Amino acid sequence: RQAGFAALRDLPAVTKDGVPITLLVNAGLRDDVGALSLTGADGIGLFRTEFQFLVSATMPRRERQTRLYRDVLDAAGDKPVVFRTVDIGGDKSLPYLATDSPEENPAMGWRALRVALERDGLMKVQARSLLEAAAGRTLSVMFPMVAEPWEFARARDIFEGQRQFLIDHKKLLPDHVRYGAMLEVPSLAETLDLLLPEIDFLSIGTNDLTQFLLAADRAHPKLAERYDWLSPAIFRFLARIVRTVEGSDTDLTVCGEMGGRRLSAMALLGIGITRLSITPAAVGPIKAMIRSINLAEVREKLETVLAKPPENMRQTLRDWAHDQKI
Ligand code: PEP
Ligand code: MG
């Protein structure tokens, strides 16, 4: 079966009725970039930059960060890379970044952009490193845990301040800088119309989004069944985001783990998602699924299911996919 997926590497991710799907991978280490050539994926949709911070005993210096980001861009070659600024704090705590007190609810605590905007020295160093690493190329950067549009604007201003610094010092710059937001805090969906004109791309982080929408800790073993993204509430919510983004020229990607599961990915395509960023091992199986579906039929099925949701949406879709030989 593995050999079967490898044979798909150079075949396009296109549905039977001719709709092309963009398949990207999630990465966090320099070595992960090799997955691009191994899988034939279109690029890196999520590079989690916090890994370098988590494995380090002290704050990674600017030169070290720049080297990593440049190595990643070099290794990716012509394929695009989206760097996510650090998502640390909460349960991913760092010994060199002191917090005042242990947190009772770290997932919704002082993490990600909340840390980066308050300790903006950290964000400035990361911005400089990314801008220098991408000199002469495109830099795509996105911010995690954006809950309100002003947070995105503040984060972008920090990057733009560093870009101005490089201009003033006659340093080499990226040819183009693209700024994106992650939608993983539900409140952002309610102000998305205000954010859209400001951003170049949007990426839905369904791992966190699911836990916040269902009030179910993504890591709690007793909640594993309740934490089910293949549910009517999640899909109605996602379908609404797709409709809001449609008509703007903003790229919309799903970068949560669900995009790497066959049934969930099929359902995402069924509500209009055309870009998935997934774990590298899933590229083969997801491409096989894409090549086996008639998207018009999947869309019709999702519309019916979401209009009058069955008690167990997962089972309903599983049975249907089985009948369709998907
Ligand atoms: C997500 O929340 O879906 C996501 C992609 O980010 P992370 O898993 O790193 O929190
Ligand atoms: Mg997240």
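Within region 246-264, residues that are farther than 13 Å from Gly180 by Cα and at pLDDT 95 or above reach partners that are within 11 Å of ligand 1 (Cβ to nearest atom) and aromatic (Phe, Trp, Tyr) with beta carbons closer than 9 Å, at six or more positions or on different chains, in the pairs Gly256/Trp229; Glu257/Trp229; Met258/Trp229; Arg261/Trp229; Ser264/Trp229.
Per-residue answers, yes or no, for (1) within 20 Å of the chain's Cα centre (by Cα); (2) within 16 Å of ligand 2 (Cβ to nearest atom); (3) within 21 Å of Thr274 (Cα to Cα):
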{"site": "Asp31", "(1), (2), (3)": "yes, no, no"}
{"site": "Leu38", "(1), (2), (3)": "no, no, no"}
{"site": "Gly45", "(1), (2), (3)": "yes, yes, yes"}
{"site": "Glu50", "(1), (2), (3)": "yes, yes, no"}
{"site": "Met59", "(1), (2), (3)": "no, no, no"}
{"site": "Asp74", "(1), (2), (3)": "no, no, no"}
{"site": "Gly90", "(1), (2), (3)": "yes, yes, no"}
{"site": "Tyr96", "(1), (2), (3)": "no, no, no"}
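When Glu225 is evaluated against the numbered criteria (1) surrounded by 15 or more Cβ atoms within 10 Å (Cβ to Cβ); (2) more than 16 Å from ligand 2 (Cβ to nearest atom), which criterion, by number, is the only one it fails? Of the numbered conditions (1) surrounded by 15 or more Cβ atoms within 10 Å (Cβ to Cβ); (2) more than 16 Å from ligand 2 (Cβ to nearest atom), the odd one out for Glu225 is (1). Screening the candidates Gly18, Gly34 for the property of being surrounded by fewer than 19 Cβ atoms within 10 Å (Cβ to Cβ), modelled with pLDDT of 95 or more and closer than 17 Å to Asp78 by Cβ yields one hit, Gly34. The C-beta contact set for region 83-95 (first residue in contact (Cβ under 8 Å) with a residue 12 or more places away in the chain, second residue within 15 Å of ligand 2 (Cβ to nearest atom) and of a type in the set (Ser, Thr, Tyr), distance under 7 angstrom, 6+ apart or interchain) comprises Phe83/Thr49; Arg84/Thr49; Thr85/Thr49; Val86/Thr49. Against the conditions (1) modelled with pLDDT of 95 or more; (2) more than 22 Å from the chain's Cα centre (by Cα), Arg119 satisfies every one except (1).
Going residue by residue through region 159-181, is there one that turns out to be within 16 Å of ligand 2 (Cβ to nearest atom), within 28 Å of Leu269 (Cβ to Cβ) and in contact with a strand residue (DSSP E or B) (Cβ under 8 Å, 6 or more places away or on another chain)?
Yes: one or more hits.
Out of everything in region 133-146 that is surrounded by 19 or more Cβ atoms within 10 Å (Cβ to Cβ) and free of Cβ contacts under 8 Å to residues at least 60 places away in the same chain, what residue ends up being farthest from ligand 2 (Cβ to nearest atom)? Lay out the reasoning, then the answer.
Residues of region 133-146 that are surrounded by 19 or more Cβ atoms within 10 Å (Cβ to Cβ), as a first pass: 133-134, 139-146.
Restricting the remaining residues to those that are free of Cβ contacts under 8 Å to residues at least 60 places away in the same chain gives 139, 141, 143, 146.
Working: Leu139: 21, Val141: 16, Phe143: 11, Val146: 11 Å.
Within region 133-146, the match that is farthest from ligand 2 (Cβ to nearest atom) is Leu139.
Looking across region 174-207, the residues that are among the acidic types (Asp, Glu) and either surrounded by fewer than 23 Cβ atoms within 10 Å (Cβ to Cβ) or more than 11 Å from ligand 1 (Cβ to nearest atom) (or both) come down to Asp175, Glu190, Asp193, Glu198, Asp200.
The values are calculated or read from the model by the stated rules, or taken from the named source; none is laboratory data. Treat the numbers as computed from the prediction; the structure is a model and nothing was measured. Please note: Cβ atoms are built from the backbone with ideal geometry, for glycine as well, and neighbour counts cover all protein chains shown.
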